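Since the structure comes first, as structure tokens, the remarks are kept for the end.
The values are calculated or read from the model by the stated rules, or taken from the named source; none is laboratory data. Since we're looking at a predicted model, the values are computed, not measured. Cβ placement follows ideal geometry from the backbone for every residue including glycine, while neighbour counts extend to all protein chains displayed.
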Amino acid sequence: MRLTAPLLALLTLSSAARADFGSCVSSLRSAAIAQGISASTFDRTMSGVEPDMKILELMNNQPEFKTPVWDYLATLVDDQKVAEGRAMLSRHASTLARIEQAYGVDRHAVVAVWGVESDFGALVKGGRFLPQALSTVACLGSRRRDFFKGEFMATMKIIERGDLEPEKLRGSWAGAFGHTQFMPTTYLRLAVDFDGDGRRDLVDSIPDALASTANYLKKSGWITGARWGYEVSIPDGYSGPSGRGAKQSIGFWSAKGITKVDGSALSELPNAGLLLPAGRNGPAFLVTKNFDAAYAYNAAESYALAISVLSDRLRGRPGVQGDWPTDDRGLSRAERKELQERLIRRGYDVGKPDGAIGAMTRAAIKDVEAKLGLPQTGRPGGKVFDALK
């Protein structure tokens, strides 16, 4: 039997890895052909592809560092992001107006997703080659292999249909790609051709990407004309229901003594749940199905809150007013970059100061914390930032 190109590429790997990956790629090839993907498309796409072992390291050694919600929001909903988002609202106003008309989804929410997912397109061109990344985790990953095989097949179908050339398909190790980071299976279900060129291009077509995002939110239950919710104040000793799933009428919440965060009476909303992202001692929010639609995009309440608060700030509303239960505030992207520059001036190697907090920056922070007598967390917070002035 003649070896195909992707199998020949494995000669530089260990015999065990070569056998495992090569056998799996052969199986994927057979399955792809059975699903209507041509042998030529498969072989052209996978020519020279070897497993990316770094992906397995990322997958199997998730960082212990867990981002508090106040850090998450401080980075994703900072003044820089708001200014950039407002510029995009102005630049793409006509396209966004047509998207609102077609899908009934608020343009500010669509642009907020765009900003959080790819920094308004700045991060689109980078990332890993999806066929390589997905074949690696589908064949050699420690978990969810069937899931990643499905995403790999979806990637091949995108290529087969001619929407995107293989080299355009770059993104996260798990498969998300494009301006608003669609997974390949999500792309097949919900991506739309909004610029009318006959292709659904989420990489080079901003209209396609933003309209596809609006379509996703609409299919996830978005209520046209409704707010995602707003911040509220709960009375001392409150013992009623909480959680975004425990939705009640505004009358119900008013009867529980809940008001807007400024103390005024609650205004009209669809049925809403009481979200307490940092517990009873932190900010509280009433959230509707529009919040749930944002949650569906990434299955994390902190993510949905970032999208929701950013959308408010883009339209001129304030951000979170309540105090988070911490004495160590989160840092904006500009402050994180400045923190790295301060560490460099102290002699630490943290790489390029870009505001992205990686392993080297966290190690440097831990060392500084130890010298300052602080708990060694590796977290880029206000205390270590101020101490390094």
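Looking at 43, 79, 52, which one is at pLDDT 85 or above and within 26 Å of residue 120 (Cα to Cα)? Every option except 79 fails the conditions.
One line per residue, one yes/no per condition, for (1) within 30 Å of residue 151 (Cα to Cα); (2) touching an Asp or Glu at 6+ places or on another chain (Cβ under 7 Å); (3) assigned to a loop (DSSP other than H, G, I, E, B); (4) not assigned by TED's automatic domain parsing to the domain that holds residue 165:
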{"position": "199", "(1), (2), (3), (4)": "yes, yes, yes, no"}
{"position": "211", "(1), (2), (3), (4)": "yes, no, no, no"}
{"position": "227", "(1), (2), (3), (4)": "no, no, yes, yes"}
{"position": "238", "(1), (2), (3), (4)": "no, no, yes, yes"}
{"position": "241", "(1), (2), (3), (4)": "no, no, yes, yes"}
{"position": "246", "(1), (2), (3), (4)": "no, no, no, yes"}
{"position": "254", "(1), (2), (3), (4)": "no, no, no, yes"}
{"position": "264", "(1), (2), (3), (4)": "no, no, yes, yes"}
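Here is a yes/no grid of residues against (1) outside any helix (DSSP H, G or I); (2) more than 23 Å from the chain's Cα centre (by Cα):
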{"site": "267", "(1), (2)": "yes, yes"}
{"site": "270", "(1), (2)": "yes, yes"}
{"site": "295", "(1), (2)": "no, no"}
{"site": "305", "(1), (2)": "no, no"}
{"site": "308", "(1), (2)": "no, no"}
{"site": "328", "(1), (2)": "yes, yes"}
{"site": "338", "(1), (2)": "no, yes"}
{"site": "356", "(1), (2)": "yes, no"}
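Restricting the search to helices (runs of 4 or more DSSP H) fully inside the stretch 63-170 and requiring at least 1 residues that are surrounded by fewer than 14 Cβ atoms within 10 Å (Cβ to Cβ) gives 79-91, 93-103, 145-161. So which of 251, 263, 237 ends up being in contact (Cβ under 8 Å) with a residue 12 or more places away in the chain and surrounded by fewer than 13 Cβ atoms within 10 Å (Cβ to Cβ)? Result: 263 is the single residue among 251, 263, 237 that is in contact (Cβ under 8 Å) with a residue 12 or more places away in the chain and surrounded by fewer than 13 Cβ atoms within 10 Å (Cβ to Cβ). In the stretch 176-191, the residues that are over 12 Å from residue 130 (Cα atoms) and touching a residue at least 40 places away in the same chain (Cβ under 8 Å) form Cβ pairs under 7 Å with partners that are among the aliphatic types (A, V, I, L, M) and part of a helix (DSSP H, G or I), at six or more places apart or across chains, as follows: 179/206; 179/209; 180/113; 180/209. How many of the residues in the stretch 28-60 are assigned to a loop (DSSP other than H, G, I, E, B) and in contact (Cβ under 8 Å) with a residue 60 or more places away in the chain? Counting residues in the stretch 28-60 that are assigned to a loop (DSSP other than H, G, I, E, B) and in contact (Cβ under 8 Å) with a residue 60 or more places away in the chain gives 8. Of the residues making up the stretch 304-353, just one is of a type in the set (Phe, Trp, Tyr) and surrounded by fewer than 19 Cβ atoms within 10 Å (Cβ to Cβ), namely 348. Of all the numbered requirements in (1) over 18 Å from residue 128 (Cα atoms); (2) in contact (Cβ under 8 Å) with a residue 60 or more places away in the chain; (3) not aliphatic (A, V, I, L, M), residue 205 misses one, and that requirement is (2). Every condition in (1) in a helix (DSSP H, G or I); (2) closer than 21 Å to residue 56 by Cα; (3) of a type in the set (Ser, Thr, Tyr) is met by residue 187 except one, and the failing one is (2). All told, residue 95 falls short of being within 30 Å of residue 227 (Cα to Cα), modelled with pLDDT under 95 and not assigned by TED's automatic domain parsing to the domain that holds residue 26.
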